[in-house]
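Rule-based calculations on the coordinates, nothing more; no lab input. All of these numbers come straight from a predicted model, not from anything done at the bench. We place every Cβ from the backbone using ideal geometry, glycine too, and count neighbours over all the protein chains shown.
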Amino acid sequence: MLKIITHPHKTLRLKAKPILKFDSPVAALAESLLKTVVPDPQEPLGVGLAAPQINISLAMFVMLFPSKKMEVIINPQIIKSSKRMLSDLPESKQFMEGCLSVPGYYGFVDRPQKIKVKYQNLKGSFKLKVLTPPFSSYFYHEFDHLNGILFIDHIKLSDEQMFYGPGREKLQPVKNPFL
């Protein structure tokens, strides 16, 4: 398990470099990401983790997919995004985002409901997927990490309420400390 870096660490603001060689160091990085975000299968730390979050500026992340398995995503692209946003969903279907690199803070990020994505797996093969909530948000969140963007940047732009707490069950509204 590696150390997850937190805001305002400078690596979180860099644009990640593409992965060009699909070799054993890349496989080892994927394994490190998986072991860091899921140190215990019964209690994963989150639903995704990007390489920049462990201070490695490469275009790779792992995330939970609809299959309920963590998948390795390399050199991702978002090919198409729907015009329908999460805010168009009934309030009961909307959810707040948090981030392992911004511990304790949560907020609503209005992302597209449906996205079509292209990425490579550990063998370098290309994959195409269509994702819907919450997986479309997971993908977008981790994809943002590869571009030096944090969820707090979206909240800052949208003026959404920010929340803080030791866990999702005990969140309190707070003044956005990242303005």
Practice task
List every residue whose amide H lies under 5 Å from the amide H of Leu58, counting only residues 5 or more places away in sequence or on a different chain, with H placed 1.01 Å from N in the peptide plane.
Solution key: Lys17
Problem - Listed values (1) 22.5, 78; (2) 15.7, 45; (3) 18.3, 56, entry calculated as Rg and Dmax of the Cα atoms in Å - result: (2)
Exercise for the section: Putting +1 on Lys and Arg Cβ atoms and -1 on Asp and Glu Cβ atoms, find which of Tyr106, Ser125, Ile73 reaches farthest to the positive end of the dipole of region 1-142. Expected result: Ser125
Fill in the blank from the handout: Burial-style ranking of 126-137, 143-154, average other-beta-carbon count within 10 Å with highest first, yields 143-154, 126-137
Problem - Cα-based shape type of region 45-144, given that a ≥ b ≥ c are square roots of the gyration tensor eigenvalues and the cut on a/c is 1.5 - result: oblate
Exercise for the section: Please work out how much length the chain gains when fully extended from Lys123 to Glu31, using 0.36 nm per residue of separation minus the C-alpha to C-alpha distance, in nm with one decimal. Expected result: 31.7 nm
Practice task
Any chance you could check the Cα centroid distance between region 103-125 and region 79-97 for me, in angstrom?
Solution key: 13
Exercise for the section: Take every DSSP beta bridge with both residues inside the chain and express the antiparallel ones as a percent of the total, to the nearest 5. Expected result: 95
Practice task
Would you mind checking the pairs Lys17/Lys83; Lys118/Lys175; Lys17/Lys175; Lys93/Lys116; Lys83/Lys170 and listing those with alpha carbons more than 31 angstrom apart?
Solution key: Lys118/Lys175; Lys17/Lys175; Lys83/Lys170
